[in-house]
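To start, the structure itself, in structure tokens.
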Amino acid sequence: MRLNNTKKLFTQIQALGNEAVFTANDFTDITDYETNRKALNRLAEKGRIQKILRGVYCCPNFSNFLQEYEAPSSHEVVLAIA
């Protein structure tokens with residue numbers, strides 16, 4: 001069951017787009033907060049998403065120009081926390 005929740009969560013994250021910033025509370029329609037938190041931590045450990053702050057994550061956006069991952073905008077991070 002755990003794997004299915006993680007897949008569902010990652011599918012919704014991909015639908016948000018590359019510059020999305022999110023928390024476990026954003027996905028409570030899938031499962032409860034604790035399950036989402038653990039799934040987000042697993043995805044971050046695998047490198048599929050990036051942990052910005054405690055409980056705040058983003059989809060890494062690779063810049064071909066810079067040849068590295070870009071940081072999300074501070075505005076998006078504030079909106080995710082608020």
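The values are calculated or read from the model by the stated rules, or taken from the named source; none is laboratory data. None of the values given here were measured: they were computed from a predicted structure. Using ideal geometry, Cβ is built from the backbone for each residue, glycine included, and neighbour counts are taken over all protein chains shown.
Structure notes:
- Ala71 exposed (fewer than 14 other Cβ atoms within 10 Å of the Cβ) and more than 16 Å from Thr6 (Cβ to Cβ): yes
- Which listed residue, of Ala39, Ala15, is within 14 Å of the chain's Cα centre (by Cα), of a type in the set (A, V, I, L, M), surrounded by 14 or more Cβ atoms within 10 Å (Cβ to Cβ) and on the phi < 0 side of the Ramachandran plot: Ala39
- Filtered by the rule that a residue be over 10 Å from the mean Cα position of the chain (by Cα) and of a type in the set (A, V, I, L, M, F, W, C), segment 42-82 gives Leu53, Phe62, Phe65, Leu66, Ala71, Val77, Val78, Leu79, Ala80, Ile81, Ala82.
- Ala24 in contact with a Gly (Cβ under 7 Å, 6 or more places away or on another chain) and without any contact (Cβ under 8 Å) to a residue 40 or more places away in the chain: yes
- Of all residue pairs spaced 6 or more apart or on separate chains, those with beta-carbon atoms under 6 Å, a first member in segment 70-82 that is closer than 7 Å to Val21 by Cβ and a second member that is of a type outside the set (Asp, Glu) are Pro72/Val21; Pro72/Cys58; Glu76/Val21; Val77/Val21; Ala80/Val21; Ala80/Phe22; Ala80/Thr23; Ala80/Val56.
- For segment 32-80, a tally of residues being charged (D, E, K, R) and assigned to a helix (DSSP H, G or I) returns 6.
- Of all residues in segment 71-79, none satisfies being β-branched (Val, Ile, Thr) and modelled with pLDDT of 90 or more.
- Identity of the residue in segment 1-31, touching a helix residue (DSSP H, G or I) at 6+ places or on another chain (Cβ under 9 Å) and in a loop (DSSP other than H, G, I, E, B), that ends up modelled with the lowest pLDDT: Glu19
- Scope segment 42-68; condition surrounded by 14 or more Cβ atoms within 10 Å (Cβ to Cβ), free of Cβ contacts under 8 Å to residues at least 24 places away in the same chain and not polar (S, T, N, Q); matching residues: Ala44, Lys51
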